[in-house]
1. Per residue of region 30-38, what does 6.51 cos²θ - 1.76 cosθ + 1.60 with θ = phi - 60° give for ³J(HN,Hα)? Whole Hz please, x for Gly and Pro, Karplus curve as stated.
2. Would you work out which of V28, T86, F6 lies farthest towards the positive end of the dipole of region 1-138, given +1 charges on the beta-carbon of Lys and Arg and -1 on that of Asp and Glu, about the Cα centre?
3. Pull out the extension gain between L158 and I73, defined as 0.36 nm times the separation in residues minus the alpha carbon to alpha carbon distance; nm, one decimal.
4. How long, wide and thick is the chain, going by the Cα atoms along their three principal axes, in whole angstroms, largest first?
5. Take the cross-link list K63/K136; K63/K96; K27/K63; K7/K63; K11/K38 and give me the ones stretching past 21 Å between alpha-carbons.
6. Mind jotting down the distance between the C-alpha centroids of region 87-112 and region 1-22, whole Å?
7. Using a 1.4 Å probe and counting only protein heavy atoms, arrange M1, M64 so the residue with the most accessible area comes first.
8. Ignoring ligands, DNA and RNA, what percent of the accessible area of region 1-60 is carbon or sulfur (1.4 Å)?
Amino acid sequence: MSLEEFKSAVKLGLGVYNLMFSTLPEKVLTLLSVVGYKGSRYEGLKMLNESALADTLHSFSSKMVVGAFECFIEQAFNVYATKAPTIEKHIQTGLKINDQCIWFLIFKGRLRLIEKDVEGALQAYQGTLELTVDVKQMANLYIWEIMWCQRLVILSRLFKVSLSLTSSLP
């Protein structure tokens, strides 16, 4: 193992550690800080991004963790804005390594949805349904995401129709 691979592995571990502890409730963090544990979301993402930019075996895992955190976990908390250009770069390099990686395809569709490009998300999800035939749980996840995209399309159409109808009222 070279020094660069070792540094990338350490940054991956510390980045995941920091992200994990930064998502804990404030009271639990206060209790854990007495014992010496602390976590910083910014430090964790910084370390993971540094590990992802290194050209090592661990960079692929770092890209997946950053993608999962930014596209799903952070959206569940809905506290911070997603850094779309950084995620897009990780997704593109991940798909360049393995163009049929189910997780990066999920991140690509979710990022399109976060950017309010519902049609792009639908294209990303529907193009990958053939890949998930063998993995039923992943197919269910894709179908769930496609269902929400379709609902958003229907709601936007209804909103446009109702807006045009209300504009014609006196």
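1. 4, 5, 6, 5, 5, 7, x, 8, 8
2. Ranked along the dipole, the leading option is V28.
3. 27.6 nm
4. For the chain, the Cα spread along each principal axis is 68, 40, 29 Å.
5. K63/K136; K27/K63
6. Centre-to-centre (Cα) distance: 21 Å.
7. Working: M1 165, M64 50 Å².
Solvent-accessible surface, decreasing: M1, M64.
8. 66
The values are calculated or read from the model by the stated rules, or taken from the named source; none is laboratory data. These figures come from a predicted structure and were not determined experimentally. Please note: Cβ atoms are built from the backbone with ideal geometry, for glycine as well, and neighbour counts cover all protein chains shown. All accessible areas refer to the heavy atoms of the entire protein, side chains included, with ligands and DNA or RNA removed. Shrake-Rupley method; radii C 1.70, N 1.55, O 1.52, S 1.80 Å.
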